[in-house]
Amino acid sequence: MRLSYWDYEGTCHTGVSRIAASMKRVHMVSHSPMGDDYVNNIYTMIGRQPGWPPMSTSVMDRLTLGNGEVNLPGALEEMIRYDHPDLALITRTCSASLLQEDLDALAHTAEIGDTQIVTYTPSPFRVQENQAADEVFSKLVERFAVAQEPTATPTVNILGPSAMGFHSRDDLISLRRMIAPLGIGINVVAPY
């Protein structure tokens, strides 16, 4: 593990979950074996965010693996039926990556309606939490950002702060306090 901002980095899917938990109408589905679905607990216990985080797990158990079944399409359909997100972020845990399943192909067999799907499946043994959060956020910006007209007054975009980011809330408060006296407005804070 790499020491980052005085905090040890988590796994790749933890970085993806930080982005999903930061944005409205986005839901993360983690394809993982039973026992690897601890990310929800991190957000409710450590992050102390209001409400349940927008995360689901497509669980693989011994019966699923033994029969060659994949629960991802069913988990996606159930999540969409109950949560109605605009975007589903799909990733897998380190353990699930060993199976080398094509999550993009599996996800597109689900009946998803108008929900957009973005899969992010790098090698979790090479990519850790912070890099994964950066990459998935960049992927979302490239896919969904649209050009805007320049504002009449000076403004900035603050990019980077996310849920469970080290000091993100405090840093954002400090940035706003520094920018406001300068007469600079804030267009967007993303993904937070």
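Here are some notes:
- Candidate residues THR91, THR109: accessible-area rank, largest first, probe 1.4 Å: THR109, THR91
- Dipole magnitude of the stretch 87-192, debye to nearest 20 (Cβ charges: Lys/Arg +1, Asp/Glu -1, about Cα centre): 420
- Whole-Å distance, taken between Cα centres, linking the stretch 83-143 and the stretch 175-192: 30
- Sequence of PHE137, PHE125 when ordered by accessible area, the most exposed leading, probe 1.4 angstrom: PHE125, PHE137
- Candidates per GluC sites (Glu not before Pro) in the stretch 70-154, loop by DSSP, up to 16 other Cβ within 10 Å: GLU101, GLU111
- Shape category assigned to the stretch 116-177 from the gyration tensor of Cα positions, a/c cut at 1.5: oblate
The values are calculated or read from the model by the stated rules, or taken from the named source; none is laboratory data. Predicted model only: the values in this text are computed from it and were never measured. Reconstructed Cβ throughout: ideal geometry from the backbone, glycine too, with neighbour counts over all protein chains shown. These accessible areas exclude ligands, DNA and RNA; they are computed on the full protein's heavy atoms, side chains included. Shrake-Rupley method; radii C 1.70, N 1.55, O 1.52, S 1.80 Å.
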